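**Q** The structure that follows is given in the form of structure tokens.
The values are calculated or read from the model by the stated rules, or taken from the named source; none is laboratory data. Note that the structure is predicted; figures quoted are calculated from it, not measured. Cβ sites come from the backbone with ideal geometry, for glycine too, and all protein chains shown count toward neighbours. When the accessible area is computed, the model is the full protein with side chains, heavy atoms only, and any ligands, DNA or RNA have been set aside. Shrake-Rupley method; radii C 1.70, N 1.55, O 1.52, S 1.80 Å.
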Amino acid sequence: MEQQHDGDDHGDDNDNGTTEHSELAPVIPAENAFAALGLRPELLQALDDLGYEEPTPIQRETIPYLMDGKDLLGQAATGTGKTAAFALPALQLIDGRAATKAIAMVLVPTRELAMQVSEAFFRYGKTLGAKVVPVYGGQPIFRQLQALDRGVHIVVGTPGRIIDHIGRGSLPLDAIKMVVLDEADEMLDMGFADDIESILEAIPHAHQTVLFSATMPPRINSIAKRYQTDPVKINVVRGDTKASNGKVRQCAYVVQRNHKPAALGRILDIESPGGALVFCRTRTEVDQLTETMNARGYRAEALHGGMDQAQRDRVMSRLRDGTAELLVATDVAARGLDVDTLTHVVNYDVPSAPESYVHRIGRVGRAGREGVAITLAEPREQRQLANIERLIKQKIAIEKVPSVADLRAAQLDQTVAAVRESLAADDLDDFWPVLNALAGESPQRIALAAIRLFHEMAGNIVDELDIPDISHRMERRPDSGGATRPGGKPIRGDRGAGGEKGGPTGFIHIALGRAAGIRPGDLVGAIANETDLVGREIGPIKITEKFAIVGVPDRSVDRVIDALKRTTIKGKKPAVRRYTD
Ligand code: AMP
């Protein structure tokens, strides 16, 4: 039996992303939303502490089947909440037993993801006392041996290093009940197919096999056919909700997490919204961002599921009467919200479900008004953004975070508008005494001084912080096409529909080869870990006895060489140089 599920509709809205409610819908307490999935109390507690208010679609679709012991084949990208979708059922298996042998194993393509996923397990499993050990190449093996020896519930690792441990006998497999392949397509791209198959072959007894992949190339399906039994199939990428709102201008900015508060401030300064609703993923993030934006001089209010109705009503009336200019909220809390003064919706992160993007932007552009939807994305969230574009059948333009000069120019424009407005006022004559007292000064200089006084008092202080432009790191995949600015000019770094890699390939010579035990995965892993390139941008790879040649986008060759010079491959520091035929 195969079951096929699409990410279902979300929230209480109707098809076109609008809602008929004029009041806030009652908030479902967080415990209920996750408890309904059957998770144990320790996990519910951890989720509540993290401020997760409700499961994301993939969690809602997946968790019940995984807790039922089913195999699962899931198509979902990063940012959908898929880590918790497999981590919670895996943690549920712990069942009070002391950590001895691993009961769940997660295979991931890179060291970075191994750390991220094990941190997620640690956060969710804290109250349970879960022992999670990440194992990946590049870290001294003896530290991992010690950690495994002290006892483990969950092991998260890159395939090569997992095989190493299996071979050494440091990772017994007889207690394994669940194996997860996370980002399976990336693992295949990185040349890990054989390693994955040997690991799966090494666990002959009955266990659950869970496979997540952003794309489903034939090789993934054949692994699924071979190693899974009647897998439930889940796809949270698909859906046919259409953002019907043509009047909403939609754009995204690519920013690193630590620059997001400054970037948000600068974007809001330029946009000068009538009212803005900023969405965060968790209650904790809502509180933190509200505090940060207040400290930066914005009048921000928090709205989340942890607040009672009276508090929520107070916040809403402050937004309606303009006392508050920013409302920072979770999806649950903002459900059904309908405020005339809202002009801007901001996704502080790319929303975990494409459908929730549609619901969120339905908060502006209502009743024919114009609205703006802004998304702050990290480079790793590009797939998620592409999923949204596919769902809304529209491109989201990637824009550059305004520079200090842009901000100054916008502020001066606002001052010009304010002075013009003042020129039209009929009580200017009241100020003749001031002008008379200044007789003898040049009228132009008096005007400049008065303008400066107003400009500064209007709070036009520029935060000089440099926010790096990393929009070129949001490299569009072919299915999303190349974004353009409203004026039609292609954006730097866009690859358009020219294939995964686009542009010419340059080659790097690395003085390490088969004799040193180098495999393609070692090279791809080292490059992907040390640079911003992703697996599919790396290759072709040729490995001889003594050296290896690796192809990367030509424009990245120097950067990759610099990065490789700073790192080790299989514990060695090989000579690295550009290779020309
Ligand atoms: P992932 O797709 O697993 O990389 O998760 C993306 C982000 O969403 C991570 O920062 C998670 O902490 C966060 N997240 C996952 N599930 C939820 C949830 N139910 N509510 C709020 N945030 C979540």
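**Q** For F34, work out the one condition from (1) within 13 Å of the ligand (Cβ to nearest atom); (2) modelled with pLDDT of 95 or more it doesn't fulfil.
**A** (2)
**Q** Sticking with this one: State the number of residues belonging to the stretch 329-343 that are of a type in the set (D, E, K, R) and in a helix (DSSP H, G or I).
**A** Residues flagged as of a type in the set (D, E, K, R) and in a helix (DSSP H, G or I) within the stretch 329-343 amount to 1.
**Q** Would you mind stating whether L376 is at pLDDT 90 or above and touching an Asp or Glu at 6+ places or on another chain (Cβ under 8 Å)?
**A** yes
**Q** Could I ask something else about it? Let me confirm something: among L453, L385, L376, L407, which residue is open to solvent by 50 Å² or more (accessible area, probe 1.4 Å) and among the aliphatic types (A, V, I, L, M)?
**A** L453
**Q** Now for a different question. All but one of (1) touching a Pro at 6+ places or on another chain (Cβ under 6 Å); (2) free of Cβ contacts under 8 Å to residues at least 24 places away in the same chain hold for R143; which doesn't?
**A** (1)
**Q** Does G51 meet the test of being within 14 Å of the ligand (Cβ to nearest atom) and either without any contact (Cβ under 8 Å) to a residue 60 or more places away in the chain or touching a helix residue (DSSP H, G or I) at 6+ places or on another chain (Cβ under 9 Å) (or both)?
**A** So G51 passes the test.
**Q** Here's another thing I want to ask about it. Determine if the stretch 338-352 includes at least one residue that is open to solvent by 10 Å² or more (accessible area, probe 1.4 Å), of a type in the set (G, A, S), closer than 26 Å to E186 by Cα and within 16 Å of the ligand (Cβ to nearest atom).
**A** Within the stretch 338-352, one or more residues are open to solvent by 10 Å² or more (accessible area, probe 1.4 Å), of a type in the set (G, A, S), closer than 26 Å to E186 by Cα and within 16 Å of the ligand (Cβ to nearest atom).
**Q** Take the residues in the stretch 68-103 that are within 16 Å of the ligand (Cβ to nearest atom) and more than 22 Å from the chain's Cα centre (by Cα); name whichever of them is surrounded by the most Cβ atoms within 10 Å (Cβ to Cβ).
**A** Going through the qualifying residues, I end up with P89.
**Q** Just a yes or no: is a residue in the stretch 368-379 of a type in the set (S, T, N, Q) and farther than 21 Å from I270 by Cβ?
**A** no
**Q** G167 versus (1) more than 22 Å from L66 (Cβ to Cβ); (2) touching a helix residue (DSSP H, G or I) at 6+ places or on another chain (Cβ under 8 Å): which is the lone unmet condition?
**A** Status for G167: all satisfied but (2).
**Q** What's the number of the only condition in (1) closer than 30 Å to E378 by Cβ; (2) surrounded by fewer than 20 Cβ atoms within 10 Å (Cβ to Cβ); (3) more than 13 Å from the ligand (Cβ to nearest atom); (4) charged (D, E, K, R) that R111 fails to meet?
**A** (2)
**Q** Across the stretch 54-66, which residue is nearest to T330 (Cα to Cα) among those that are crowded, with 20+ Cβ neighbours inside 10 Å and without any contact (Cβ under 8 Å) to a residue 40 or more places away in the chain?
**A** Going through the qualifying residues, I end up with P55.
**Q** Could you count how many residues in the stretch 115-154 are open to solvent by less than 20 Å² (accessible area, probe 1.4 Å), under 10 Å from L91 (Cα atoms) and hydrophobic (A, V, I, L, M, F, W, C)?
**A** 3
**Q** Applying the selection to the stretch 102-129, what residues are of a type in the set (F, W, Y) and either under 20 Å from R150 (Cα atoms) or part of a loop (DSSP other than H, G, I, E, B) (or both)?
**A** The answer is F121, F122.
**Q** Out of the residues in the stretch 400-444 meeting the condition of being among the acidic types (D, E) and more than 15 Å from F454 (Cα to Cα), tell me which one is modelled with the highest pLDDT.
**A** Selected residue: E441.
**Q** Every residue in the stretch 314-328 that is β-branched (V, I, T) and either part of a helix (DSSP H, G or I) or open to solvent by 10 Å² or more (accessible area, probe 1.4 Å) (or both), please.
**A** V315, T323, listed by residue number.
**Q** Limited to the stretch 543-555, what total is found for residues that are surrounded by 14 or more Cβ atoms within 10 Å (Cβ to Cβ) and not in a helix (DSSP H, G or I)?
**A** Matching residues across the stretch 543-555 total 8.
**Q** Which members of the stretch 283-301 meet the condition of being in a loop (DSSP other than H, G, I, E, B) and touching a residue at least 40 places away in the same chain (Cβ under 8 Å)?
**A** Of everything in the stretch 283-301, those that are in a loop (DSSP other than H, G, I, E, B) and touching a residue at least 40 places away in the same chain (Cβ under 8 Å) turn out to be R296, G297.
Residue-wise test of (1) touching a helix residue (DSSP H, G or I) at 6+ places or on another chain (Cβ under 8 Å); (2) assigned to a strand (DSSP E or B).
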site: V345; (1), (2): yes, yes
site: V364; (1), (2): no, no
site: I388; (1), (2): yes, no
site: K395; (1), (2): yes, no
site: A409; (1), (2): no, no
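The rows are residues; the columns are (1) at pLDDT 80 or above; (2) not in a helix (DSSP H, G or I).
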| site | (1), (2) |
| --- | --- |
| P468 | no, yes |
| H472 | no, no |
| E475 | no, yes |
| F507 | yes, yes |
| L533 | no, yes |
| V557 | yes, no |
| L564 | yes, no |
